[in-house]
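Only the coordinates and a few stated rules stand behind these numbers; no lab work does. The model shown is predicted, which means the values in this text are computed figures rather than measured ones.
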Amino acid sequence: MTAFLLRCLAPGLLALHGLCGTPALAASDFLTPEEAFRFEARALDTHHIEVVFQVAEGYYLYRERFAFAVAPATVQLGAPVIPPGKIKFDETFGKKLETHRGRVVIRLPVESAAKSLVLTVNSQGCADAGLCYAPMQSTARLSLTPPALKTGH
């Protein structure tokens, strides 16, 4: 009897599956935010910081969601230099937004002297498959040392 029901119902179930589309993706089908948007930062010299995001294939970051802060409060950052991204219409926000994929290198000028600082970078991104992540905060403790002097012998 069970075999008979399966033979009769299977074509209908397959047709119904075709009408409904593919099943929803589970959270486990997506990378963690740290895997999708790998963050690193380093001091280039006493007045420049480089922030790098390595964005995984199938994921992107929003330009307007980048924000930068430093501690101690005596340190001031200049305007970030962010490379141009690609404009896309975003269904989530209902407007065109600039997005970044692949390797994103951002330069931050440091406008006041400091030997060390803690950089905090806020960002947010999504997966092409439809998941948008909550805003993410990344931090790096950086030492701003002058470049080594070259000596000729």
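Tabulated values for the structure
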{"read-out": "Note, ³J(HN,Hα) from phi for the range 49-55, Karplus 6.51, -1.76, 1.60, rounded to Hz, x at Gly and Pro", "value": "10, 10, 10, 10, 10, 9, 8"}
{"read-out": "Debye log10 I(q)/I(0) for the range 33-137, one point scatterer per Cα, at q = 0.16, 0.20 Å⁻¹", "value": "-0.70, -1.00"}
{"read-out": "Reachable aspartates and glutamates from Lys115, criterion Cα separation under 17 angstrom, eight or more residues apart if same chain", "value": "Asp45, Glu50"}
